[in-house]
Amino acid sequence: MARRILFWGAAVLIGALIGAGSAWWTINRAGGWFDQSYGGGWRGNALAGSQAADPYTRAIVARSGLLALSARETIYFTLAQDAEGRPLDEACVYELSGGALPARWWSVTLYAPDKYLPQNNDRAFSIDATRAQPGADGRWRARISAGRGDAANWISSRAAHRGYSLTLRLYQPRQEAREHPDTIAFPELTALSCPEPVS
Amino acid sequence: MPGASVVNATARFALAAVAAAVLAHLAFISLAPSMMMAAAMERIGGANAWAHAPRVTEAARTIVRPSPDLAYSACVFDLSHGPVRIAAARWDAYMSLSLYDAQSDNFFVVSDMEAPDGFDVTVVRRARDAPDDAVNVVVSPSAKGVALVRRLAPTPDRFAAAERARADDICAPAQR
């Protein structure tokens, strides 16, 4: 009798662990399966802000963007690499530039690898449509670096380490941008200086 | 034949394990959103009262990727004792109200584009629960959920103005 209980108990326990583990793995990793790549290395997620049609979609959306806005209100994009495909690094100095974006309001925010704001007190986490003043050529520019220097618009990467990311939010995007994100003229990121990698 | 009974036992073990795995997988997937929402509601705290978040800085670590350019207000609404009125004063820039049910579905959203004079909705569990004088009635799929107001406020001055604007926002049981 005891052997039978042990037998079935072990079977159910092993099964339950595999089932729960695979579910957890799915909702953590599956978000990436719906990622799409756009100009300049920006990535968007086709599921973000969508209405859950099934339990899988709901679980994946809840995990990656709980309490996020619907796609009608905001679309989100993330950039995690420079033009050469290298991960973004606190040790580098970048220039982010762009023109008008197809939305009522937009912002670009820097997040540390843990997806929270970097642990610095520079109060320079982002640039947004109200602060980005276009130059004579119609484009706005922001420097992304650990120190401000002489930058007019500055996003601080201090304490953001290597592997940080930028999130672009388009609030109340135009219908064209929402339905065809590949038509968006995304901001461009250029590495101005980067220390030679230690090999 | 002893060999056959070993095969038999292995097959039964595998079958039981697979059945348990499928059940556990489906249960986990379907319960995860409610559990994440329950944890979020726990963090927001209280019921039928606004929690106005301070300006988002590096110290904000409750929800991933918070925007430092928005003033967030959250309210856990609880309809188990009747309808709840949710109102937010007008704001002169982007502003939205989103309602999420207990399993994380965003079942209602309104922005200042549709309602430039601010928001005033009555959330009910069933349409017939609505008070007679309620104007904008929204039926919630669950008794508990979260209301979230976002106001665009990218600078310290704008954030201070948002704090003044939101001071009289309402999240409270509706008068019947």
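None of the figures in this text is laboratory data; all of them are computed from the coordinates on show. In this text the structure is predicted, and so the values were computed from the model without any measurement. Reconstructed Cβ throughout: ideal geometry from the backbone, glycine too, with neighbour counts over all protein chains shown.
Among residues of region B:129-158 that are farther than 20 Å from B:Ala74 by Cβ, those with a Cβ under 8 angstrom from a residue that is charged (D, E, K, R), sequence gap 6+ or separate chain, pair up as B:Pro131/B:Arg176; B:Ala134/B:Arg85; B:Val135/B:Asp120; B:Val139/B:Arg125; B:Val139/B:Arg126; B:Thr155/A:Arg131; B:Pro156/B:Arg55.
Looking at region A:132-150, which of its residues are within 21 Å of the chain's Cα centre (by Cα) and either in a loop (DSSP other than H, G, I, E, B) or within 12 Å of another protein chain (Cβ to nearest Cβ) (or both)? Of everything in region A:132-150, those that are within 21 Å of the chain's Cα centre (by Cα) and either in a loop (DSSP other than H, G, I, E, B) or within 12 Å of another protein chain (Cβ to nearest Cβ) (or both) turn out to be A:Ala132, A:Ala146. Taking region B:129-160 as the region of interest, how many residues are within 14 Å of chain A (Cβ to nearest Cβ), outside any strand (DSSP E or B) and touching a Leu at 6+ places or on another chain (Cβ under 7 Å)? Result for region B:129-160: 1. Being facing chain B (nearest Cβ under 9 Å), outside any loop (DSSP other than H, G, I, E, B), small (Gly, Ala, Ser) and buried (at least 16 other Cβ atoms within 10 Å of the Cβ) is a property that does not hold for A:Ser97.
Would you check if there is a residue in region A:45-56 being in a strand (DSSP E or B), surrounded by 18 or more Cβ atoms within 10 Å (Cβ to Cβ) and either within 10 Å of another protein chain (Cβ to nearest Cβ) or touching a residue at least 12 places away in the same chain (Cβ under 8 Å) (or both)? The answer is yes; a qualifying residue exists.
Only strands (runs of 3 or more DSSP E) whose full extent lies in region B:74-128 are considered here, and the ones with at least 2 residues that are among the small types (Gly, Ala, Ser) and within 14 Å of chain A (Cβ to nearest Cβ) are B:95-101.
Within region B:11-33, not a single residue is polar (S, T, N, Q) and more than 9 Å from chain A (Cβ to nearest Cβ). Taking region A:100-115 as the range and being more than 23 Å from A:Ala136 (Cβ to Cβ) and either among the charged types (D, E, K, R) or buried (at least 18 other Cβ atoms within 10 Å of the Cβ) (or both) as the test, the residues that pass are A:Ala103, A:Arg104, A:Trp105, A:Ser107, A:Thr109, A:Leu110, A:Tyr111, A:Ala112, A:Asp114, A:Lys115.
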